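Novice: The structure follows.
Nothing in this text is a laboratory measurement; each read-out follows from the coordinates by a stated rule. Given the structure is predicted, the values throughout are model-derived calculations rather than measurements. Methodologically, a virtual Cβ is constructed for each residue, glycine included, from the backbone with ideal geometry; neighbour enumeration extends over all protein chains shown.
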Amino acid sequence: MAERKRERTQAAKLFTQAEGLIEDTELRPRLYVAWARALRRINRDPEAIALYDRLCQEFPMERFCTNAMFQAGRLLQYAEDHKASRERFFQLLGMHPGSKWEAEAVWRAALSSYLLQEWEMADRLLSHLATHFGHRRDGKRDAEAYPGV
């Protein structure tokens with residue numbers, strides 16, 4: 001309820017307490033995701049990243065793991081830790097090929113490579129992106145920007 005009421009600091013405290021109470025392994029991944037979201041909303045990104053990593057270490061094949069890897073990579077990218085960010089995106093691509101995050105993970109890995117001035121890696125990733133995902137469109141935005149196409 002604290003999260004719904006936007007009492008984010010209180011929600012983070014309650015999630016910490018809930019961790020010790022929840023024994024059901026099916027509920028733990030959901031707890032970690034909600035807890036990490038609460039932490040992100042109060043600018044405690046390093047703790048959120050640690051929770052995302054923990055989720056994937058404990059439950060690597062859990063459906064929430066792909067989202068967790070992606071979110072951790074994105075937060076690391078915002079923190080300008082591009083090596084760690086790219087590592088998370090590569091981990092996602094290796095462990096969960098074909099996930100809904102695949103194209104954006106390749107794009108973000110390419111961006112981190114570019115920002116690290118690793119031109120060959122960035123080029124390979126962008127070429128992969130163009131080859132495998134170049135046919136995709138963003139839908140409504142493209143229809144508005146390019147009517148009749």
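Novice: Shape verdict for region 68-139, please, from the Cα gyration tensor: rounded (a/c under 1.5), prolate (a/b greater than b/c) or oblate. List each step's numbers first, then the result.
Specialist: Working: a/c = 1.73, a/b = 1.19, b/c = 1.46.
Oblate, since a/c reaches 1.5 and b/c is not below a/b.
Novice: Hey, can you rank 123-131, 30-38 by average C-beta count inside 10 Å, highest first? Don't skip to the end; give the middle numbers.
Specialist: Details: 123-131: 15.2, 30-38: 20.7.
Taking the mean over residues of other Cβ atoms within 10 Å, the ranking is 30-38, 123-131.
Novice: May I ask you to evaluate 6.51 cos²θ - 1.76 cosθ + 1.60, the Karplus curve with θ = phi - 60°, for each residue of region 22-29 and list the ³J(HN,Hα) values in order in whole Hz, giving x for glycine and proline?
Specialist: Here the 3J(HN,Hα) series is 8, 9, 5, 5, 6, 8, 4, x Hz.
Novice: Could you compute the FRET efficiency for Lys83 and Glu47, with r as their C-beta to C-beta distance and R0 at 22 Å, rounded to 0.05? Working shown, then result.
Specialist: On the way: r = 20 Å, r/R0 = 0.91.
Once the sixth-power term is evaluated, E becomes 0.65.
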